[in-house]
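Computed from the coordinates by the stated procedures, all read-outs in this text should not be read as laboratory data. Owing to the predicted nature of the structure, the values given are computational and were not obtained by experimental measurement. Virtual Cβ from ideal backbone geometry, glycine too; neighbours counted across all protein chains shown.
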Amino acid sequence: DYNAVSGNYHDKMVALHVGGAPMECCYVRDDDFAEWVEAGWLRPCDDLLAADPDTSATTADLFPYNLSSMTYGGQRYGLPYYTDFNIWIYNAPMLEAAGFDAPARTLDELTEQAVKVREARVRTPTGDVIEYPIMLNFRQSVLGFLDWWTLNYASEATLFDDDLNPTFPDDEDRRAETILQWLTDGIHRHRIISPSSLTAGQMRDHVASGRQVYGILNKYDLEYVNNRRNSAAADDELKRRGSDAQHAKVYRMAPVPSISADQNGTLGWTRMYCLTSRCREDRMQDAWALMKFLGAKDAEGEYYTARRWFRLRGLGFAYRSLLDDPDIVAQTEEWGEIDKVREQSRHVRPRENIKAPWFPDFKIYYQPEIQKVLLGQQSARDGLGKIAQRCRQLIADWS
């Protein structure tokens, strides 16, 4: 049986593009978007949108961060496949067992709360005492340290200026350094963040096992960890209630903890469909029709594919009006809270330097430097300084 390895997608597609393989349209991650445009592999779709008023009208329905992520150099290139943003989750029964009725709002409050949760010796569904209440994802991967961006954006940090020059480690209030130091202290000093955060695989599986009280997830994975089919935590709670329901709201969504309680934000990303620059003229309209069906509306004027992906997997969508779709609202309420989703969707940002053509090189460099900080091998300031210097070198190389 064939199992796709999504981490190899970039390398496979680069080989196909370089080799000139016949291809009318393709799936593009925002991580790779600028690189592929600069390489001349993608075709703008502004002319097709201009000639297609119905599809063009959907532009006004897009979340701003999605529209921005599909635009480069003032030209529109894509229609959305799916999208989502990161959320802070907490295990409500475990928090209650430790004596809390609400999650911490700031990083300092989280430190204090997590220490008390650990001291309360809260147990997993299998009866083990939870040693580290917080689990994050700082394993090196092709998509990068999304939790690092999420925590920075929660504190409304600005990491790059309008010309994509790094502002850290001397960004406003040195927020990037403060957050990285908080992470390091959480691992080594307070022992509230699991050291396995640097090596663990799928975060949702660790959360679903009930071994963590807090963490960061893709929003769509909230359905997964609250579904008893996947989640020991949900199954244990439903058995305790004597319920045969499929979902239990064991894990709940909250604003990502920030330096100050008046700050709010998170990271979002975009997956899109784009025409390739090799799309033949005689196949252009067929390719565009396929893209519209997948990334916009069907012949009946419905967001068929976006709604179907949500129904099947809870995948996020790029169109704001779907947050008021009755079926989507009802399904969300089975495992989440639509009002919290609506509120957090107002505070989503894409990675600031994601449209730099040197972003793929940046991803390779910054991850091990962050890990060295988290391992205590260098200070937060020194690590950020090295990353900033590498960014400046990449900018010079691409000038």
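Points to keep in mind about this one:
- For the range 218-235, 3J(HN,Hα) computed residue by residue from phi via the Karplus equation (6.51, -1.76, 1.60; θ = phi - 60°) reads 4, 4, 5, 6, 5, 5, 4, 7, 9, 9, 4, 5, 10, 10, 5, 5, 5, 5 Hz, glycine and proline entered as x.
- Residue order for T71, T184, fewest other beta carbons within 10 angstrom first, comes to T71, T184.
- Computed from backbone phi with θ = phi - 60° and the Karplus coefficients 6.51, -1.76 and 1.60, the 3J(HN,Hα) list for the range 109-116 is 5, 5, 4, 4, 5, 5, 4, 5 Hz; x is used for glycine and proline.
- For the pair the range 192-207 and the range 219-277, the centres of their Cα atoms are 16 angstrom apart.
- For N230, distant residues with modelled amide H under 5 Å away: none
- Listing F168, F100 from fewest to most neighbouring C-beta atoms within 10 Å gives F100, F168.
- The range 1-117 gives an Rg/Rh value of 1.18, both radii derived from C-alpha positions and Rh following Kirkwood.
- As a ratio to 2.2 N^0.38 Å, the alpha-carbon radius of gyration computed for the range 359-398 takes the value 1.16.
- Out-of-range pairs (alpha-carbon distance over 32 Å; input K12/K297; K12/K372; K12/K340): K12/K340
- Sorting the segments 279-287, 242-250 by their mean number of nearby beta carbons within 10 angstrom, highest to lowest, gives 242-250, 279-287.
- The range 180-311, relative contact order [Cα under 8 Å, separation at least 6], %: 11
- Among P93, A114, Y72 - extreme Cα towards positive end, dipole of the range 69-131, charges at beta-carbon: Y72
- The range 65-195: Cα Rg divided by the 2.2 N^0.38 Å rule of thumb: 1.30
- Values of log10 I(q)/I(0) for the chain across q = 0.09, 0.10, 0.12, 0.15 Å⁻¹ run -0.57, -0.70, -1.00, -1.45, by the Debye formula with one identical scatterer at each alpha carbon and no solvent.
- The range 321-371 and the range 118-190 have their alpha-carbon centroids 16 Å apart.
- Per-residue ³J(HN,Hα) for the range 246-255, Karplus 6.51 cos²θ - 1.76 cosθ + 1.60, θ = phi - 60°, Hz, x for Gly and Pro: 7, 10, 9, 7, 5, 9, 10, 9, 8, x
- Computed on the range 129-287, the Cα convex hull volume stands at 189 Å³ per residue.
- Extent along principal axes [Cα atoms of the range 288-329; Å; largest to smallest]: 29, 18, 15
- Sorted by Cβ density within 10 Å, fewest first, the residues T276, T270: T276, T270
- Degrees between helix 9-18 axis and first principal axis of the chain (Cα, 0 to 90, nearest 10): 20
- Part-to-part distance (alpha-carbon centres) for the range 26-80 and the range 281-314, which is given in Å: 15
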